[in-house]
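S.K.: Mind looking over this structure? Questions follow.
Values in this text are rule-based calculations from the coordinates and carry no lab data. Worth saying up front: this structure is predicted, and the values here are computed from it rather than measured. All Cβ positions, even for glycine, are placed from backbone atoms using ideal geometry, and neighbour counts span all protein chains on display.
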Amino acid sequence: MLGPDRLDALQFTELFHRAAHTGSATATMLLNRALGLWRGRPLGEVADAEFARPLVRRLAGMYEAACAELIRTHTRWDRPELALPVAERLVAQRPDDEAALATLRGLWAQLRERDGAELLRQEFPRLRTTVVVKSGDLFEETDASLVAGFGDTFDTAVEDGLDISRGSVQGQLLRRVFGGDRALLDRELRKGLRSVQPVGRESARDKPRGKRLRYPIGTVVPVPLAEPGRRVFAVAHGRRGQDLIARSSSDALRVALDRLWESVSVHGLLRPVALPLVGSGPAGVTALPGHELIALIADTFLRACRDRPVTPELRVVVRPEELRGIGLPDVARYFQGLDGDGLRSQEAAPR
């Protein structure tokens, strides 16, 4: 934070004192803006100079007070998911501070007690939709249509775990939704692919196992389920290599998600939609951490919702073993920065 000219320090101090004399909603906004100026050690290179030490101590005290007030406000309003990023910052800067650690642990406990498996819920009233991030089992979302990522050949074989892992979403889809009836799943996929022009065909020599027709990234097959109106949206989000490993990229995943929401808007019948953390895992977009994957999913979804109704509720279902790596405070910060149209506040058009 700030260089020798003290400009950021003056702005930080002004915002902090203004927040102390306004209502809670405005104070929260001002304190968030103030903390946005704090990007490291106060006064930068001059912090150790004798003349700067009193100001550094005063700024540090205001910073801690601002964090504490934001945490109190969000906790009082039952918004622990918004208090978490602030508490996380304090712990990162003061890892030996037992009080800061206790506050962070208390917020996690409050979140678990309040929401159970639900980690975050963000409503977008102007888009008439809600995005939920929760921990759990995708296939227990029995009131929602599901999303399953596939390679561009739509392989389904799981024999001996050599083609599709039994523990993957595709493997569980076959076992838990189609009762292990691979012929039935393949038949439904073929129906949906009849109108799609393949982009290539592999030879038996180059791809001895599995299917050989390749379809465009972003191809979506809405597979009907037994419950009326419920679907599994099978989306090709990566290229399945000749080594039988599906690989993707952030650009390919964005294309696949854009096409997915188009299909959901046509075939989803405005039911809730649940999808896993697509792009994660061994066949995923390994360059993107979990919170960036969730942001990518939400960004493409909300953009689609600005054009047409898609679903009243999107659920991103994170497996419990993936929780440690998703960076929930980063996810909360991302959603906190969006307005009712799903745009970042500075991007919103004036009304």
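S.K.: Starting from the Cα-Cα distance between E227 and A25, subtract it from 0.36 nm times their residue separation and give me the gain in nm to one decimal.
M.R.: Using 0.36 nm per residue and subtracting the Cα-Cα distance, I get 68.3 nm.
S.K.: With the cut-off at 14 Å, report for the range 71-159 the share of all Cα pairs above it, as a whole percent.
M.R.: Working: 2930 of 3916 pairs.
Every Cα pair in the range 71-159 considered, those over 14 Å come to 75 percent.
S.K.: Also: Which far-off residues, 5 or more places away or on another chain, put their amide H under 5 Å from the one on R247, with H placed in the peptide plane?
M.R.: Residues meeting the amide H criterion: R239, R240, G241.
S.K.: Give, rounded to the nearest 20 debye, the magnitude of the charge dipole that the range 71-139 has about its Cα centre when Lys and Arg contribute +1 at Cβ and Asp and Glu contribute -1 at Cβ.
M.R.: 340
S.K.: Ok, one more. Sequence-distant or interchain residues sharing an amide H contact under 5 Å with R214, placed H: which?
M.R.: Correct list: V199, G200, R201, E202.
S.K.: Here's another thing I want to ask about it. From the backbone phi of the range 260-277, what are the Karplus-calculated ³J(HN,Hα) couplings (6.51 cos²θ - 1.76 cosθ + 1.60, θ = phi - 60°) in whole Hz, Gly and Pro given as x?
M.R.: Computed from phi, the couplings for the range 260-277 are 4, 5, 4, 5, 4, 5, 8, 10, x, 6, 6, 8, x, 10, 10, 9, x, 7 Hz.
S.K.: Pull up all non-local amide H partners of R319: gap of 5 or more, or a different chain, and H-to-H distance under 5 Å with H placed in the peptide plane.
M.R.: Here the answer is G136, L277, since their amide H atoms fall under 5 Å of that of R319.
S.K.: Where the Cα atoms of the range 124-238 are projected onto their three principal axes, how long is each span, largest first, in whole Å?
M.R.: 53, 30, 25
S.K.: Out of P85, L119, T129, whose Cα points farthest toward the positive end of the dipole of the range 62-138 (charges: +1 Lys, Arg; -1 Asp, Glu; placed on Cβ)?
M.R.: T129
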